[in-house]
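Structure first, commentary second.
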Amino acid sequence: MSPFRPLLLALPLALAACSTPKPQGPVLVDRVEPPAMAATSGVLAPDRVIVEGSAAWVQTTVAEMVQRRAVTATERDRAERTLASGAYLGDAAQYLRLTPANVTRGSFQAGTAYLTDAFSPEAAPQPFQMSITVDLSGSDGATAGLSVELRDPSSSPTGGTGQLLITLMDPGVGNTAQLTVSTRGAASGDAFEPVASQPLASRDWRGSHRLDLDYTPGELVVALDSVPLVSAPVRLDRPAGPVYVGAFAPVPTMGVAIVDWTFTSP
């Protein structure tokens with residue numbers, strides 16, 4: 001073979017490449033947000049959260065967490081583009097399962113989680129924002145109750161009876177859920193009293209949902225899936241202990257998993 005033959009074969013390709021018009025102006029690229037996600041997010045970590053009952057840490061991948069943390073249509077679209085971007089999303093991640101799904105033996109599977117370092121035990125709670133993303137799963141007919149509570153300080157790691165309670169009751173398949181905000185006084189024996197409540201439409205609640213709490217002294221705003229639902233008169237005028245998140249489900253159980261949990265306060 002002639003030593004010039006490879007050069008002759010390559011020359012037309014080089015000329016064709018040179019003759020291709022270059023794009024004018026900036027090239028637009030459909031960028032996706034990088035998965036800035038470590039093994040945990042916010043406070044969702046074993047060194048900050050105490051678990052009890054049926055609650056357990058579950059190992060998964062960043063790819064799965066990207067999907068399960070998407071609540072709104074915009075977030076789901078962003079998650080799909082992130083997953084399709086070709087970025088490596090196989091690193092280890094973890095979430096907190098409160099109740100297992102589809103258990104049909106026994107009555108009431110319950111799991112609880114406590115964020116122990118949210119508030120100072122000496123001062124009344126300051127303004128705070130808290131966001132909890134849960135993923136509900138299970139067979140038809142399964143339901144679950146979810147509660148978020150600010151506990152009073154005590155000597156035990158999990159605190160005593162709470163002073164603020166937010167409940168999302170009976171989300172399941174074709175069930176009408178009820179979101180309620182309750183408070184209790186400081187006196188011994190005081191019971192929780194509802195201060196705001198919002199019925200929710202009957203629907204299939206399986207999938208991811210986010211509960212946002214925005215507290216300023218005198219008012220608590222609660223949003224579900226980025227939609228404000230209730231604004232309640234709330235004044236937390238005494239010290240608070242840990243933040244409690246609990247779930248329970250009858251038989252068959254609705255699986256409840258915390259896939260994201262953030263908390264910020266001055």
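The values are calculated or read from the model by the stated rules, or taken from the named source; none is laboratory data. Because the structure is predicted, anything quoted here is derived from the model rather than measured. Neighbour counts run over all protein chains shown; Cβ positions are idealised from the backbone, glycine included. When the accessible area is computed, the model is the full protein with side chains, heavy atoms only, and any ligands, DNA or RNA have been set aside. Shrake-Rupley method; radii C 1.70, N 1.55, O 1.52, S 1.80 Å.
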- [ ] Among ALA187, PRO153, TYR215, flag the residue with its Cα farthest along the positive direction of the charge dipole of the stretch 113-264, charges on Cβ as +1 for Lys/Arg and -1 for Asp/Glu.
- [x] ALA187
- [ ] Mind pulling up the Rg/Rh value for the stretch 113-264? Radius of gyration and Kirkwood radius, both on Cα.
- [x] 0.96
TODO: Take ASP170, ASP135 and sort them by solvent-accessible surface of the protein heavy atoms, 1.4 Å probe, largest at the top.
DONE: ASP170, ASP135
Task: LEU229 accessible area, assembled protein chains, probe 1.4 Å, Å² - done: 50
- [ ] Under 14 Å from the Cβ of ALA257, count the other residues' Cβ atoms, weight Lys and Arg +1, Asp and Glu -1, and hand me the total.
- [x] +2
Task: Theoretical FRET efficiency, 1/(1+(r/R0)^6), r = Cβ-Cβ of GLN178 and ALA73, R0 22 Å, to 0.05 - done: 0.35
TODO: Rank these by accessible area, largest first, 1.4 Å probe: PHE119, PHE128, PHE248.
DONE: PHE248, PHE119, PHE128
Task: Accessible-area ranking of PHE263, PHE192, largest first, probe 1.4 Å - done: PHE192, PHE263
- [ ] Roll a 1.4 Å probe over the protein heavy atoms and report the accessible area of ARG78 in Å², nearest 10.
- [x] 80
